[in-house]
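The values are calculated or read from the model by the stated rules, or taken from the named source; none is laboratory data. Every value quoted in this text rests on a predicted model; they were computed, and no experiment measured them. Cβ atoms come from the backbone with ideal geometry, glycine included; neighbour counts cover every protein chain shown. Ligands, DNA and RNA are excluded from the accessible area calculation, which covers all protein heavy atoms including side chains. Shrake-Rupley method; radii C 1.70, N 1.55, O 1.52, S 1.80 Å.
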Amino acid sequence: MSHTCDKDQALYDELKLVINEKKKLRNPLIEILHKAQDIFGYLPVEVQMFVAEQLEISLSKVYGVVTFYNRFSMTPRGKYLINVCTGTACYVKGAPKLIQMLSEELKIGMGETTPDNMFTLSEVRCVGACSLAPVLVIDEETYGRLDTRKKVKEILNRYRG
Ligand code: FES
């Protein structure tokens, strides 16, 4: 496979190193896809094809895994990834309502990115801050007790600058 852009080539080279290193593991696919997403920011079909070729497995197998786990994304992500915790404690304390508020404020659904490419809405499992439920994480920053629209708006405004 040829990749015309130099920057892309460097990313594919990096991915190739990861694949060679992880190949020996028993079930390397998920870990490799994780790294691939870190490297490329998302998992477009071309990257999935590359992984499939390198591991000598079918594209449909790779695609199946990518679409099964919502931590994988096939579309480019926004500048800020909003990870809403949907672990048990957060769920019970109002994660669904928090998701609904975010969705309304950003006018996007779960897994989607705002048209200005600022925010992507995503969900994660317990981030270890259950006492602050419901919780969301943006970059490395954790925000808790997000039970009102006012608090949600305040956080978004911080990132909107
Ligand atoms: S369940 Fe959300 S932080 Fe633990």
Report task. Go over the candidates L146, L106 one by one and state the one that is within 14 Å of the ligand (Cβ to nearest atom) and surrounded by 16 or more Cβ atoms within 10 Å (Cβ to Cβ). Result -> L146
Report summary line: S73 passes all but one of the listed conditions (1) open to solvent by less than 80 Å² (accessible area, probe 1.4 Å); (2) modelled with pLDDT of 95 or more; the exception is number (2)
Report summary line: Over the stretch 83-103, the set of residues open to solvent by 10 Å² or more (accessible area, probe 1.4 Å), more than 14 Å from the ligand (Cβ to nearest atom) and within 17 Å of the chain's Cα centre (by Cα) is S103
**Report entry** Qualifying residues in the stretch 1-50 (those that are basic (K, R) and open to solvent by 70 Å² or more (accessible area, probe 1.4 Å)) - the one farthest from V66 (Cα to Cα)
**Finding:** K7
